[in-house]
Amino acid sequence: MIRVAIVIGSTRPGRNGEAVGHWIHNLAAKRLDAEFELVDLKDYDLPLLDEPMPAALGQYSRPHTRAWASTIAAFDAYVFVTPEYNHSIPGALKNAIDFLYAEWNNKAAGFVSYGSNGGSRAVEQLRLVMGELQVADVRAQVSLSLFTDFENFSALTPAPEQEGAAIAMLDQVVAWGRALRPLRA
Ligand SMILES: Cc1cc2nc3c(=O)[nH]c(=O)nc-3n(C[C@H](O)[C@H](O)[C@H](O)COP(=O)(O)O)c2cc1C
């Protein structure tokens with residue numbers, strides 16, 4: 001069975017990301033076709049990238065990089081939970097992605113985003129980053145609107161159709177995560 005990490009990509013105090021991450025994890029955990037685990041960037045407390053060598057060389061010198069690498073390496077696919085910050089992803093998420101390279105390669109990814117336009121501009125940028133990391137990003141995505149899927153922009157109350165969108169995204173992530181297995185072997 002493949003293992004899928006649900007990566008909470010925002011770290012600020014009072015973030016909505018935690019509720020969004022738990023919502024998608026609760027939905028995913030009902031499935032029997034993969035194992036799903038929450039990975040909260042906040043728990044890794046990564047500094048701004050401080051490795052002397054580029055990640056693609058795999059010469060990690062810092063304990064926090066090695067800890068982050070061993071977490072990410074253990075998964076076959078990822079669901080990135082990201083807000084939109086100035087039409088992009090949070091710096092904390094980009095920084096965490098940049099720390100590693102081989103650990104991401106030949107894996108699959110899906111996205112759950114949120115923002116005033118559903119966070120879709122952040123996901124478009126994240127898809128470009130995925131290409132460089134050799135991650136296969138699925139088409140189906142979940143876009144939560146701060147206006148219609150949250151109360152007062154802060155309490156998560158997803159519209160009923162969001163569950164269907166989440167299932168479609170997870171179906172694709174699991175299928176692609178499995179299909180890429182031979183490349184990871
Ligand atoms: C620095 C910053 C920039 C933001 N820029 C945008 C934006 O460009 N578009 C948008 O729809 N929402 C924007 N927002 C609103 C966030 O999407 C919203 O506050 C979301 O809840 C932030 O995620 P978090 O609560 O998990 O940190 C911005 C929020 C912050 C903190």
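A few notes on this one:
- Based on alpha carbons, the Rg and Dmax found for the chain are 15.6, 47 Å.
- Selected from Ser113, Ser88, Ser70 as most flexible by GNM, with the chain as the system and alpha-carbon contacts under 10 Å: Ser70
- Amide H contacts of Phe150: Thr157, each under 5 Å away and 5 or more positions distant or on a separate chain (H built 1.01 Å from N in the peptide plane; Pro and chain starts excluded).
- The angle between the Cα long axis of helix 161-179 and the longest principal axis of the Cα atoms of the chain comes to about 20 degrees, rounded to the nearest 10.
- Build a GNM of the chain with springs between Cα atoms under 10 Å apart, and of Met169, Met130, Met53 the one that fluctuates most is Met53.
- Dipole magnitude of segment 2-184 about its Cα centre (Cβ charges: Lys, Arg +1; Asp, Glu -1), debye to nearest 20: 320 debye
- Residue order, fewest to most beta carbons within 10 Å, for Val129, Val173: Val129, Val173
- In straight-distance terms, cross-link reach from Lys42 covers every one of the lysines whose alpha-carbon lies under 21 Å from its own, apart from those fewer than eight places away in the same chain; here that gives Lys94.
- Relative to the current alpha-carbon distance between Leu57 and Ala102, full extension at 0.36 nm per residue lengthens the span by 15.3 nm.
- Residues Ser116, Ser143 in ascending order of nearby Cβ atoms (within 10 Å, fewest first): Ser116, Ser143.
- Computed helical MRE - 222 nm, the chain, DSSP H runs ≥ 4 contributing -39500 (n - 2.57), nearest 500: -11500 deg cm²/dmol
- Max mean-square fluctuation residue, GNM over the chain, Cα-Cα springs under 10 Å, options Leu41, Leu126, Leu57: Leu57
- Simple spin-label estimate for His64 and Leu156 gives 2.5 nm between the two label positions (7 Å along the Cα-to-Cβ direction from each Cα).
- Three-way shape call for segment 9-69 based on the alpha-carbon gyration tensor, with the a/c threshold at 1.5: oblate
- Helix 63-73 axis, angle to the chain major axis (alpha carbon atoms, nearest 10°): 60 degrees
- Helix 120-132 vs. the chain, principal-axis angle (Cα, 0 to 90°, nearest 10): 20 degrees
- Distance between the C-alpha centres of segment 160-185 and segment 76-116: 16 Å, rounded to the whole angstrom.
The numbers here are math on the coordinates, done by the rules we state, and not lab data. Remember, it's a predicted structure, so these values are computed and weren't measured experimentally. Glycine gets a Cβ as well: all are built from the backbone with ideal geometry, and neighbour counts include every protein chain shown.
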